[in-house]
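Student: One structure, pasted below without further comment.
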C-alpha cells in the first residue's frame, strides 16, 4: 500500500490526499513528529519536509513531484489536460497556488493562532492532555508576535498576506461563477492544488481531517466568513463532497494517522 508521510495540518499534504482520493488509490497516513520525526524522514527521503510518498522502493518528496509521479504510475483519471493551452494553464495555476496560497495562508493562520487563544487550543487533537492545552493557550500573543516576526510571520507580514489573499479569493470566486472547475470541465491538478492549499483558510466541513469536530467549517475571520468568497468555498465544498473520502470511509485511509515508522 502507498504510504504518505505527512502533517495532518499541512496544506501540501492535503493537496496530495485529495489527489490520492480522486484517483481511488488506497494509502496509509503516517504522521511525522516535528523535530525527531523529521530527522528520520531525512534518512528516508534526503530532506525534512512533508509530504513524502513511499510506493514500494520508490520515495518521492514535494507535492508537485508526487502528483506528477502518481499521474505517470497510475494514469487512470489523469491530472493534466491534453489540450496544450489547458495543460499550460493547469500547470501555471498549480505553480501559482503553491507559491501564493500555500505560503500566504500559513502566515494568516499563524496570525489567527497568535491573536486568538481559543482558536489556538481548538486545533489541538482531542487526545491532547488538558495541561498541554492550558500551556498552549497561556502563551501571550505578544510573545507569539515576536516569534513570528523572526520567521517572517509578524503582524505586518500577516496583514499583507491577508490583503493579498482577499484579492486571490475574489479572483477565484469570479472564475468559478459560471464553470464547474478552474481550467476544464473536469477536475485537474490546478483544482486539487487550489482546494488543498486553501485548507488553512477554512477547514472542510466534513470528517476529512483528524481534527476536533467543533472546528470543522471554521476559518480565518474576514476570509472564511465573507459572502464575497462564498462562490469559492462553495465550489471547494462540492469538490470535497465529490472526491475527498471521509476518515470513516472504508475506501479511505481508514483512521487517524499512525506514528512514523521508518524501516
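The values are calculated or read from the model by the stated rules, or taken from the named source; none is laboratory data. Here the structure is a predicted model, which is why all the values come from computation and not from measurement. Glycine gets a Cβ as well: all are built from the backbone with ideal geometry, and neighbour counts include every protein chain shown.
Student: Could you list, in sequence order, all residues of region 201-218 that are over 24 Å from residue 166 (Cα atoms) and at pLDDT below 90?
Tutor: Answer for region 201-218, where residues must be over 24 Å from residue 166 (Cα atoms) and at pLDDT below 90: 210, 211, 212, 213, 214.
Student: In this structure, does residue 86 turn out to be out of contact with any helix residue (DSSP H, G or I) (no Cβ under 6 Å at 6 or more places or on another chain) and either assigned to a helix (DSSP H, G or I) or within 23 Å of residue 158 (Cα to Cα) (or both)?
Tutor: When the stated conditions are applied, residue 86 passes them.
Student: In addition: Taking the criterion of being outside any helix (DSSP H, G or I) and under 17 Å from the mean Cα position of the chain (by Cα), would at least one residue in region 61-79 satisfy it?
Tutor: yes
Student: Just name the residue that is modelled with the lowest pLDDT out of those in region 142-177 that are loosely packed, with under 14 Cβ neighbours inside 10 Å and under 17 Å from residue 228 (Cβ atoms).
Tutor: Result: 177.
Table: residues versus (1) more than 30 Å from residue 42 (Cα to Cα); (2) modelled with pLDDT under 95.
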| site | (1), (2) |
| --- | --- |
| 184 | yes, no |
| 220 | yes, yes |
| 237 | yes, no |
| 248 | yes, yes |
| 263 | no, yes |
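Student: Counting just the residues of region 201-220 that are outside any loop (DSSP other than H, G, I, E, B) and touching a residue at least 40 places away in the same chain (Cβ under 8 Å), which one comes out surrounded by the most Cβ atoms within 10 Å (Cβ to Cβ)?
Tutor: Here the residue is 215.
Student: Need pairs with beta-carbon distance below 6 Å; first residue surrounded by fewer than 18 Cβ atoms within 10 Å (Cβ to Cβ) and within region 82-104, second modelled with pLDDT of 95 or more; sequence gap 6+ or separate chains.
Tutor: Correct list of pairs: 86/183; 86/184; 87/80; 87/81; 89/183.
Student: Something else now. Looking at this structure, is residue 195 modelled with pLDDT under 95, in a helix (DSSP H, G or I) and surrounded by 15 or more Cβ atoms within 10 Å (Cβ to Cβ)?
Tutor: Taking the combined requirement at face value, the residue does not satisfy it.
Student: What number of residues within region 34-51 are without any contact (Cβ under 8 Å) to a residue 40 or more places away in the chain, touching a strand residue (DSSP E or B) at 6+ places or on another chain (Cβ under 9 Å) and under 15 Å from residue 13 (Cα atoms)?
Tutor: Number satisfying all stated conditions: 1.
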